[in-house]
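For reference, the structure is listed below as structure tokens.
The values are calculated or read from the model by the stated rules, or taken from the named source; none is laboratory data. Just so it is clear, the model here is predicted, and its values are computed rather than measured. Quick reminder, even Gly has a Cβ in these numbers, built from the backbone with ideal geometry, and neighbours come from all protein chains shown. Only protein heavy atoms, including side chains, enter the accessible area calculation; ligands, DNA and RNA are left aside. Shrake-Rupley method; radii C 1.70, N 1.55, O 1.52, S 1.80 Å.
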Amino acid sequence: MVENNKFYRTIVLKSIFANSLRSFVIFIAIALGSAVCAAFVNIWADIDKKVAGELNSYGANLIISPNSSQNFIISEDELKAKFEKIPNLKAHNSYLFKSANLGVNLAVVMGVEFSNLAKTMPYLGLKEGELIRVDFDDKNALIGEDLAKILGVKLGDEIGISPHNANANFTHKVRIKGIVFDGGKEDGLLLISLNLAQNIFNAKGEINYAEAIVDSDFKGLSEISQNLSDEKMSFNVVGKVSKTQGIILDKIKLLMLLSGFTILAITSICINTSLSQVLLSRIKEFALLRAIGANRANIFHIILGEILLLCVSGAVFGAIIGYFLAIILGQILFSSGVDFRFIGLVMAVILSLIFALSASYYPIKRALNPNLANLLKE
């Protein structure tokens, strides 16, 4: 029994090394299919989080506005209490709009939380100067490029702000630290810190509307909106961002699925062709083994042993390479890596083996031809 096993291992290894080039092609084909499969499985598991993070970088997906048609005011404290109830809240910003005299001109001033401005308004471009990064800066301001042209101000100039239609007899001066643009309403606004705006316009604790970035899909955002909206304020989902997330995810997953099966199908064809050539070149060897007493089961075990050795080693090697491939693809597509999942390696090995063994069926069937021994008479 031991001698039979030794003979079996010897003949399997010699057969592989005797056809080293074609065996290497089969090994590489299986490894390639397994690597792509492992990479796609690992990316698939992280794709929801990655795409959500990418779309969240395009701005807010939840808007909060007052429900009253007469009083466009939201209590800042009440809003903060509601924000604390939102799971996976990534960033938020509150805004206060007031008309003001800027020198001899009338314009709209927007109070904003500068620390979150780049997150909630990523489309806001900087034409000159630099952005303000802290909320407590009451000496500097950003100005839209259209308003800057109207007022004739440039970077570093000072502007006096005084409330319009009020009895206030003071003017607060700010220095222009940056000129911004976005092709929208911000081009005609003066942006100052929210605390400063509330002080100038005597609106302590008041805002007009707010935005939030929540790491959730459209269904989750809709539930948040329904639970937090009341008679004072309304939470509204930005559908074009949140709905797009689901559409993009479905298309990416479908593309990955089709690509994965296409590569595995190509791998199967390569295995089928290479294995057919290997077995065809060994037809007389099999015929000789049959002539000296080997039955079809013995021949089958020899062929199956060679195929399993190549398939298992190639699939495991490819699955390991696939994990590193997933990291590279994650960096290219999402600028971050992917989490290691052992189940991804297991699935890659299993799928690769299924396709590889399926591709081996016809070549093995030909090699087990019952009339194989007749070839020795030719």
Checklist outcome for this item: Amide H neighbours of Ser193 at under 5 Å, excluding residues fewer than 5 places away on the same chain, with H built from the backbone geometry, are Val112
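Tell me which DSSP H helices of the chain clear both cut-offs, 20 Å or more of axial length from alpha-carbon atoms and a mean Kyte-Doolittle hydropathy of at least 0.5. Could the numbers behind the result be given before it?
Working: long enough: 2-18 (24 Å, 0.18); 20-56 (51 Å, 1.09); 239-281 (63 Å, 1.04); 296-334 (53 Å, 1.90); 342-359 (26 Å, 2.67).
Those that clear 20 Å and a mean of 0.5 are 20-56, 239-281, 296-334, 342-359.
For the range 175-271, state which trypsin sites (Lys or Arg not before Pro) are in a DSSP loop and have at most 16 other beta carbons lying within 10 Å of their beta carbon. Please list the in-between numbers first.
Numbers: sites: Arg175, Lys177, Lys185, Lys204, Lys219, Lys232, Lys240, Lys243, Lys251, Lys253; in loops: Lys204, Lys232.
Taking the range 175-271 and a limit of 16 other Cβ atoms within 10 Å, the loop trypsin sites (Lys or Arg not before Pro) found are Lys204, Lys232.
Pop out the Kirkwood hydrodynamic radius of the range 121-197 from its pairwise C-alpha distances, inverse of mean 1/r, in Å to one decimal.
Numbers: mean 1/r = 0.0780 Å⁻¹.
Kirkwood hydrodynamic radius for the range 121-197: 12.8 Å.
Kindly provide the GluC sites (Glu not before Pro) of the range 181-234 that DSSP labels as loop, not H, G, I, E or B, and whose Cβ sees at most 14 other Cβ atoms within 10 Å. Don't jump to the answer; show the numbers that get you there.
On the way: sites: Glu186, Glu206, Glu211, Glu223, Glu231; in loops: Glu231.
Of the GluC sites (Glu not before Pro), the ones in loops of the range 181-234 whose Cβ has at most 14 other Cβ atoms within 10 Å are Glu231.
Which value results for Rg/Rh of the range 119-265 when Rg is the Cα radius of gyration and Rh the Kirkwood radius based on the inverse mean 1/r? Numbers along the way, then the final one.
Values: Rg = 21.7 Å, Rh = 19.0 Å.
Rg/Rh: 1.14.
As an exercise, use a Förster radius of 35 Å and the Cβ-Cβ distance of Lys154 and Asn199 to find the FRET efficiency, rounded to the nearest 0.05. Before the final figure, lay out the partial values.
On the way: r = 26 Å, r/R0 = 0.75.
According to the calculation, E is roughly 0.85.
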Checklist entry - Ignoring the sites themselves, what is the longest stretch of the chain with no chymotrypsin sites (Phe, Trp or Tyr not before Pro) in a DSSP loop and at most 16 other beta-carbon atoms within 10 Å? => result 171-339
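What fraction, in whole percent, of alpha-carbon pairs in the chain exceed 38 Å separation? Kindly include the intermediate steps, with their values, before the conclusion.
Numbers: 34285 of 71253 pairs.
The share of Cα pairs beyond 38 Å in the chain comes to 48 percent.
In the calculated pair distance distribution of the range 180-226, what percentage of Cα-Cα distances lie above 12 Å?
Details: 805 of 1081 pairs.
I get 74 percent for the Cα pairs in the range 180-226 exceeding 12 Å.
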Checklist entry - Which percent of the accessible heavy-atom area of the range 128-172 goes to carbon and sulfur, probe 1.4 angstrom? => result 46
Checklist entry - Between Ile28 and Tyr123, what length in nm is gained on full extension when 0.36 nm per residue of separation is reduced by their alpha carbon distance? => result 29.6 nm
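For the chain, what is the accessible area per residue in Å², given a 1.4 Å probe and the full set of protein chains?
On the way: 19880 Å² over 378 residues.
Using a 1.4 Å probe on heavy atoms only, each residue of the chain averages 53 Å².
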Checklist entry - Taking H as built 1.01 Å from N, whose amide H comes closer than 5 Å to the amide H of Gly125, not counting residues under 5 places away? => result Phe181, Asp182
